[in-house]
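Colleague: Sending over a structure as structure tokens; questions will come in a sec.
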Amino acid sequence: MALRKLVAGNWKMHGRASSLAVVETLVDKHLNPACDVLVCPPATLIGRLSGRGVPVGGQDCHWETLGAHTGDIAAEMLADAGAEAVILGHSERRADHGETDEIVAMKTAAAWRAGLRAIVCVGETEAERDAGQTLACIAAQLAGSVPEEATGDNLVIAYEPVWAIGTGRTPTLAQIAEVHAFIRESLETRFGHGIAHAIRLLYGGSVKPGNAAEIFEVKNVDGALVGGASLKAEDFGAIIAAA
Ligand code: PGA
């Protein structure tokens with residue numbers, strides 16, 4: 001049974017008050033009743049975007065509920081501001097902030113505690129792919145970053161090859177199919193058939209209007225995590241329309 005697709009936009013460190021217009025245009029012209037849409041703006045915009053017709057998510061959270069952590073945001077704060085989901089373990093956070101699988105697992109547990117759906121990101125570097133380590137890398141990240149209580153409702157996995165993010169390069173469809181099948185099998189081994197087949201697997205990394213349709217056709221691809229192209233309503237809308 002095909003899962004309902006999810007197209008999630010990751011705005012990264014982009015977006016000002018003027019970006020609210022992107023969401024207005026999306027809602028006016030570009031939503032697709034056949035798929036779910038999520039916009040993950042910077043935390044400063046979550047409160048302003050929530051309730052405007054598109055579900056909103058965060059891009060990171062701390063693992064604790066509150067405390068002396070200057071600059072950090074608790075999952076409960078994201079929920080309080082109107083977020084329904086949070087991206088965790090994005091490769092930029094893993095690289096810029098030294099986030100390990102163990103930290104990502106703690107953050108995922110925190111997201112669930114706050115009632116947020118976690119979008120946990122995994123993906124190999126180019127060196128790992130060249131060394132034939134892609135599946136081993138994904139296996140280790142999945143095992144280390146996803147806590148035991150995963151369900152189809154609380155977890156989404158995003159496969160994002162690091163070398164495809166923001167580069168305009170994408171894996172072949174066969175490479176995407178191979179990794180997504182491997183993720184599905186790994187989830188099945190750990191959580192059983194029912195849960196594994198209810199967890200949506202997104203592809204991310206240079207998804208654009210021109211390649212979205214063929215990527216969505218790939219088996220075990222249940223949507224996309226979109227960076228650059230989610231900043232323009234027209235491009236993001238074209239990707240949503242392809243889902
Ligand atoms: P990109 O980013 O679509 O700009 O490649 C994807 C991501 O980092 O989630």
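Colleague: Pick out the one residue from Glu178, Glu214 that is closer than 15 Å to Leu135 by Cα and either in contact with a strand residue (DSSP E or B) (Cβ under 7 Å, 6 or more places away or on another chain) or of a type in the set (Asp, Glu) (or both).
Modeller: Selected residue: Glu178, the only one of Glu178, Glu214 that is closer than 15 Å to Leu135 by Cα and either in contact with a strand residue (DSSP E or B) (Cβ under 7 Å, 6 or more places away or on another chain) or of a type in the set (Asp, Glu) (or both).
Residue-wise test of (1) part of a helix (DSSP H, G or I); (2) more than 16 Å from the ligand (Cβ to nearest atom); (3) modelled with pLDDT of 95 or more; (4) not β-branched (Val, Ile, Thr).
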position	(1), (2), (3), (4)
Ala95	yes, no, yes, yes
Ala105	yes, yes, yes, yes
Ala109	yes, yes, yes, yes
Ile119	no, no, yes, no
Glu124	no, no, yes, yes
Ala127	yes, yes, yes, yes
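Colleague: State the number of residues belonging to the stretch 5-31 that are at positive phi and either in a helix (DSSP H, G or I) or not charged (D, E, K, R) (or both).
Modeller: Residues flagged as at positive phi and either in a helix (DSSP H, G or I) or not charged (D, E, K, R) (or both) within the stretch 5-31 amount to 1.
Colleague: Also: May I ask you to list the residues in the stretch 117-136 that are surrounded by fewer than 18 Cβ atoms within 10 Å (Cβ to Cβ) and without any contact (Cβ under 8 Å) to a residue 24 or more places away in the chain?
Modeller: Within the stretch 117-136, Ala127, Asp130, Ala131, Gly132, Gln133, Ala136 meet the criteria.
Colleague: On to the next question. If you go through the stretch 67-84 one residue at a time, how many are among the charged types (D, E, K, R), closer than 13 Å to Ser50 by Cα and in contact (Cβ under 8 Å) with a residue 12 or more places away in the chain?
Modeller: 1
Colleague: Quick one: which of Ala238, Ala198, Ala181 is farther than 22 Å from Gly144 by Cα and either in a helix (DSSP H, G or I) or away from the ligand (no atom under 14 Å from the Cβ) (or both)?
Modeller: Going through Ala238, Ala198, Ala181 in turn, just one is farther than 22 Å from Gly144 by Cα and either in a helix (DSSP H, G or I) or away from the ligand (no atom under 14 Å from the Cβ) (or both): Ala238.
Colleague: Taking only pairs six or more apart or across chains, which ones have beta-carbon atoms under 8 Å, a first residue in the stretch 156-168 that is hydroxyl-bearing (Ser, Thr, Tyr), and a second residue that is part of a helix (DSSP H, G or I) and more than 10 Å from the ligand (Cβ to nearest atom)?
Modeller: Partner pairs satisfying both residue conditions: Tyr159/Ile138; Tyr159/Ile176; Tyr159/Val179; Tyr159/His180; Tyr159/Ile183.
Colleague: Which of the residues spanning the stretch 32-51 are assigned to a loop (DSSP other than H, G, I, E, B) and surrounded by 15 or more Cβ atoms within 10 Å (Cβ to Cβ)?
Modeller: Selection gives Asn32, Pro41, Pro42, Ser50.
The values are calculated or read from the model by the stated rules, or taken from the named source; none is laboratory data. Because the structure is a prediction, the values reported are computed rather than measured. Note that each Cβ is placed from the backbone with ideal geometry, even for glycine, and that neighbours are counted across all protein chains shown.
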